[in-house]
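Here is the structure we will look at, set down as structure tokens.
The values are calculated or read from the model by the stated rules, or taken from the named source; none is laboratory data. A quick note: this is a predicted structure, and the numbers were derived from the prediction, not measured. A quick note on method: Cβ atoms are made from the backbone with ideal geometry, for glycine too, and the neighbour counts reach across all protein chains shown.
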Amino acid sequence: MSRVIDIHGVNFSYGSVPTLTGIDLEVADGEFLGIVGPNAGGKSTLLKLILGLHKPQSGSIKVLGQAPHLASRLLGYVPQYPSFPRDFPISVEQVVQLGRLGIDRNGRQSEGKWHALRPRRLSSGDREAVQRSLEEVEASDIAKRQIGSLSGGQLQRVLLARALVSDPRILILDEPTANIDQRMESEIFDLLKSLNDRMTILVVSHDVAFISRYVSRVACINRTLICHSTDNIDGKVIQDLYGEHVRMIAHSH
């Protein structure tokens, strides 16, 4: 299978504090990769490097054969928290429309960030894409609601729709189920599993046992990175990653 992400020998520091050291990672087209590790272990930093928001001090990163900032228009990103206040007066539909910034009237990605932010009317293609994305995440019935009225699970579905509306080749999610209940967590991961039929997915999570039921590999990050197949995730791997004080929870449905 062809590779969509190639990371070799990457080192990154915030000031004098090393955050990631000697990172090597190859992600195949169509893979569903889980990323786990302790707080401050470098998970979110790795995502920002892949998204082109940070540049490594050394090493190389290629995303879809390009420098990350050049491939960013082909990536969908779901942050752990929305980038706007929950009481901001904006509807669900308007939030998803933001994901069409940079899409021209023929459905192609516009080049250049200033072009992407130029105000314009929504085309019929934009509106159709917004509707499809809302339907895919089962949120079309709340399209007119204000974002501040949503539950945590509903908000995550809307943020996922915003990421999907540009038809990305790679979907990246940073702890998408951190603030929702177990039932909603299962529903969202079931949805991600179906989306994996047409796109590569990277998801950060703290719950190793849960995501191992969905992902094909797990990248364990605690400043360095080691990948494991889900069959090889056991108590020792988790203890080595998180330290002695770890409580394992069994999930059943």
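Worth pointing out:
- Counted as qualifying within segment 168-253 are the strands (runs of 3 or more DSSP E) with 1 or more residues that are under 30 Å from Ser133 (Cβ atoms), out of contact with any Asp or Glu (no Cβ under 7 Å at 6 or more places or on another chain) and modelled with pLDDT of 80 or more, namely 170-174, 200-204, 217-222.
- Condition check for Lys144 on (1) basic (Lys, Arg); (2) surrounded by fewer than 22 Cβ atoms within 10 Å (Cβ to Cβ); (3) within 20 Å of Leu101 (Cβ to Cβ); (4) touching a residue at least 24 places away in the same chain (Cβ under 8 Å): one failure, at (3).
- Every residue from segment 98-139 that is within 19 Å of Gly52 (Cβ to Cβ) and either of a type in the set (A, V, I, L, M, F, W, C) or at pLDDT below 50 (or both): Leu98, Leu101, Ile103, Gln109, Ser110, Glu111, Gly112, Lys113, Trp114, His115, Ala116, Leu117
- Residues in segment 208-229 that are closer than 28 Å to Phe12 by Cα, free of Cβ contacts under 8 Å to residues at least 60 places away in the same chain and either charged (D, E, K, R) or surrounded by 16 or more Cβ atoms within 10 Å (Cβ to Cβ) (or both): His228 alone.
- Matching residues in segment 140-163 - criterion: being of a type outside the set (Gly, Ala, Ser) and outside any helix (DSSP H, G or I): Lys144, Arg145, Gln146, Leu150
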